[in-house]
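Heads up: the structure comes next, in structure tokens.
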Amino acid sequence: MKNSNLNIFSLWIIIAMVFLNISLATIVQLLKVPIYLDAVGTICAVLLIGWRGGAIVGILSFTFMTISGFGPYHIYFSGTQVAIASFIYVMAYNKLFKSVLTVLLTGVLLGLIAAIVSAPVIVFLFGGVEGNGAGLITAFLIKTGHTIIQSVLLKGLSIEPFDKTIQCLIAYYLIKSQSVTRLKQIGSTLIEKNFLS
């Protein structure tokens with residue numbers, strides 16, 4: 001089974017990973033915790049079925065959350081999900097999902113990229129403050145005299161690396177917990193490079 005194939009297995013992975021993204025994002029939003037946890041499914045999907053599958057998972061997750069009304073602003077961050085899928089693919093292709101140490105590095109770098117890609121959306125569409133726990137940090141920074149752009153970037157650079165590192169570790173351990181036999185059956189190039197060699 002190649003990464004680019006969208007077969008029945010891929011369809012099941014997409015459905016399951018969309019559900020995972022939505023479930024974790026919903027819990028975080030309800031608790032108003034200043035992290036996101038909305039891309040674990042995207043990351044897992046990239047590792048299992050390739051970057052296109054990961055991008056589809058991210059876009060579908062955010063579209064569903066927007067249509068359902070639970071996260072009406074999520075769809076505007078679909079580009080961030082595509083950036084996440086692309087970056088994870090590059091890192092995993094270069095075997096940087098092979099150990100906890102390289103996964104930590106991947107998570108930190110992913111967080112920096114996510115913060116930079118998301119910042120324009122937060123500033124121009126939401127005036128700098130999102131309706132979640134992370135938005136409270138931006139509001140605080142604005143109150144301390146920082147500009148909106150500075151506050152959004154500082155918030156992103158302080159939260160995103162931590163958040164994305166957690167998400168990368170969750171994805172890593174979810175896949176690592178599968179048997180070698182099962183991982184071989186998946187036939188993913190990225191799984192072979194990072195979990196079977």
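Every number here is computed from the coordinates shown, using simple stated rules; none is lab data. Just so we're clear, the structure is a prediction, and the values are computed from it rather than from any experiment. We place every Cβ from the backbone using ideal geometry, glycine too, and count neighbours over all the protein chains shown.
Structural remarks
- Rounded to the nearest 20, the Cβ-based charge dipole of the chain about its Cα centre (Lys and Arg +1, Asp and Glu -1) stands at 460 debye.
- Percent RCO, i.e. relative contact order, over the chain, from Cα pairs under 8 Å lying at least 6 residues apart: 26
- Once the Cα gyration tensor of the chain is diagonalised, semi-axes √(5λ) in Å: 30, 18, 13
- Translational D in µm²/s for segment 105-197 (Stokes-Einstein at 10 °C, 1.306 mPa s, Kirkwood Rh from C-alpha pairs): 106
- Global form of segment 28-88, assessed from the alpha-carbon gyration tensor, a/c cut-off 1.5: prolate
- Taking I88, I14, I148 as the candidate residues, the one with maximal mean-square fluctuation in a Gaussian network model of the chain, Cα springs under 10 Å, is I148.
- Total lysine pairs whose alpha carbons fall under 20 Å of each other in the chain (8 or more apart, or interchain): 22
- Secondary-structure-derived ellipticity at 222 nm for the chain, considering helices only, amounts to -25000 deg cm²/dmol, per-run term -39500 (n - 2.57) for DSSP H runs with n ≥ 4.
- Per the Kirkwood formula applied to alpha carbons, segment 1-115 shows a radius of gyration over Rh ratio, Rg over Rh, of 0.97.
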